[in-house]
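Below you'll find the structure, written out as structure tokens, and then a few comments.
The values are calculated or read from the model by the stated rules, or taken from the named source; none is laboratory data. A quick note: this is a predicted structure, and the numbers were derived from the prediction, not measured. Here Cβ is always computed from backbone atoms with ideal geometry, including for glycine, and neighbour counts include all displayed protein chains. Surface accessibility is based on the protein's heavy atoms, side chains included, excluding ligands, DNA and RNA. Shrake-Rupley method; radii C 1.70, N 1.55, O 1.52, S 1.80 Å.
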Amino acid sequence: MSLQAYQKSAARAEDPRATEYRLFAQVTRSLMNAKSLPIESLQDRALAIDWNRRVWSNLALDCASQDNKLPEALRAAIISLSIFVSKQGSHAMRNPEAIDDLVDINRTVMQGLMPQAAAGAEQAVG
């Protein structure tokens, strides 16, 4: 029984980059769904935009930490993107078309998080 539990948890353990990729995929899918909602569905759109904003705020907070090991220029770029995402999110509440910019940013980050082999395969397909 304990061997099966260990195997299950080992199978669930994933690379931190894969975890971040999965999070961005989920929040991006939520944004895409929110864009297709009727204009009156303000609360549902707000939930998706707020989730995206919270993801980016947490990234910025992590990048502001002295313990963060990313290069300083990359940390600064992530913090700047977080500020833009927050402003764009406010704009997207009034104009759902502005969600496209948030989706594009998230997809770009996802491409950077992809393992090299998967990224090469996607480029060959796309």
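Taking the range 63-78 as the region of interest, how many residues are acidic (D, E) and in a helix (DSSP H, G or I)? First the steps, then the outcome.
The initial filter retains those residues of the range 63-78 that are acidic (D, E), namely 67, 72.
From what is left, the residues that are in a helix (DSSP H, G or I) are 72.
Here the count works out to 1.
Got at least one residue in the range 96-110 being part of a helix (DSSP H, G or I), buried (at least 16 other Cβ atoms within 10 Å of the Cβ) and basic (K, R)?
Looking through the range 96-110, none of the residues is part of a helix (DSSP H, G or I), buried (at least 16 other Cβ atoms within 10 Å of the Cβ) and basic (K, R).
Within the range 35-62, track down each residue that is assigned to a helix (DSSP H, G or I) and more than 15 Å from the chain's Cα centre (by Cα). Lay out the reasoning, then the answer.
So the first thing to find is which residues in the range 35-62 are assigned to a helix (DSSP H, G or I), and the list is 35, 42-62.
Matches in the range 35-62: K35, L42, Q43, D44, R45, A46.
How many residues, within the range 78-92, are open to solvent by 50 Å² or more (accessible area, probe 1.4 Å) and not polar (S, T, N, Q)?
6
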